[in-house]
Amino acid sequence: LQPDEFAGFVDGLDDSWRGLSVTMPLKEQAAACGVADDDVLLTGVANTVVLGEQRRVHNTDIAGLADALAAEGVGPVRVATVIGNGATARSAIVALVRSGAQLIEVQGRSIERVSELRQWAEGALPVELQPRSLGAPLDPASELLVSTVPSAGLDGHLDSLQVPSCPALRAVFDVIYHPWPTPLALRAAAAGLSVLSGLDLLVHQARHQVRLMTGMTVPAEVLMSAVRAELERRGRA
């Protein structure tokens, strides 16, 4: 499904559909196809479409990312680094600020795009954002690294990030879940850091999606078991 086809696809769904879980590159299109919640209005992206008399769109990535960090025991951080400047990066920045981050370093291939992200963040949130080129050494005060880019996007940059030697770093959250482990995750694990994957984000944001679509709750463990079983099935196929 291409981005310019998304609105027509949603309009064509019948009453047997309760909602949609949306991933890239459709999150910006999803934001425009219903009544937006506050987080969608803030970030301009949605990952959840709830169908009904009044179509509603939500961004559950923000709460999901915060819940995943809490479940891993990664407490509030004051300084963090985010790699990437797309939809997931915006959600990560909001989640980090709400958990207490005051300074966020954002690395990207395009300083111009990162600077645009800075204008948005500092205009909407109580945070200082520092634009950096992709692969710059991590801020020595950074306690958490969140990577929102494909593994190939970090090719040639892992050494310069200096993840193992960053003195304050406690955890790495790489939102990729396949293939896993990523080179970044392997380096973080070897350095004794807490490591979270895209499965953690997928499961914890999905708990909010289930609630929005059905009014019911489901334990994260049940969803994680289902996701791992499906990945194993695909691996055997």
Requested in this report: Filter the stretch 32-70 down to residues that are touching a His at 6+ places or on another chain (Cβ under 7 Å), part of a loop (DSSP other than H, G, I, E, B) and in contact (Cβ under 8 Å) with a residue 60 or more places away in the chain, then give me how many there are.
Outcome: 1
Report task. Collect the residues in the stretch 184-237 that are of a type in the set (Asp, Glu) and either crowded, with 19+ Cβ neighbours inside 10 Å or in contact with a Phe, Trp or Tyr (Cβ under 9 Å, 6 or more places away or on another chain) (or both), keeping them in residue-number order. Result -> 200
Requested in this report: Return the pairs, sorted by first residue and then second, in which the second residue is among the acidic types (Asp, Glu) and part of a loop (DSSP other than H, G, I, E, B), the first residue lies in the stretch 145-172 and is at negative phi and open to solvent by 30 Å² or more (accessible area, probe 1.4 Å), the beta carbons are less than 6 Å apart, and the residues are 6+ apart or on different chains.
Outcome: 168/143; 170/143
Query raised in the report: In the stretch 71-89, which residues are out of contact with any His (no Cβ under 9 Å at 6 or more places or on another chain) and open to solvent by 40 Å² or more (accessible area, probe 1.4 Å)?
Result: 72, 73, 76, 78
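Within the stretch 95-115, identify whether any single residue is among the hydroxyl-bearing types (Ser, Thr, Tyr), in contact (Cβ under 8 Å) with a residue 24 or more places away in the chain, closer than 30 Å to residue 156 by Cβ and open to solvent by 30 Å² or more (accessible area, probe 1.4 Å), and answer yes or no.
Yes: the stretch 95-115 contains one or more residues that are among the hydroxyl-bearing types (Ser, Thr, Tyr), in contact (Cβ under 8 Å) with a residue 24 or more places away in the chain, closer than 30 Å to residue 156 by Cβ and open to solvent by 30 Å² or more (accessible area, probe 1.4 Å).
The values are calculated or read from the model by the stated rules, or taken from the named source; none is laboratory data. Since we're looking at a predicted model, the values are computed, not measured. Here Cβ is always computed from backbone atoms with ideal geometry, including for glycine, and neighbour counts include all displayed protein chains. Surface areas here come from the heavy atoms of the whole protein model, side chains and all, with no ligands, DNA or RNA. Shrake-Rupley method; radii C 1.70, N 1.55, O 1.52, S 1.80 Å.
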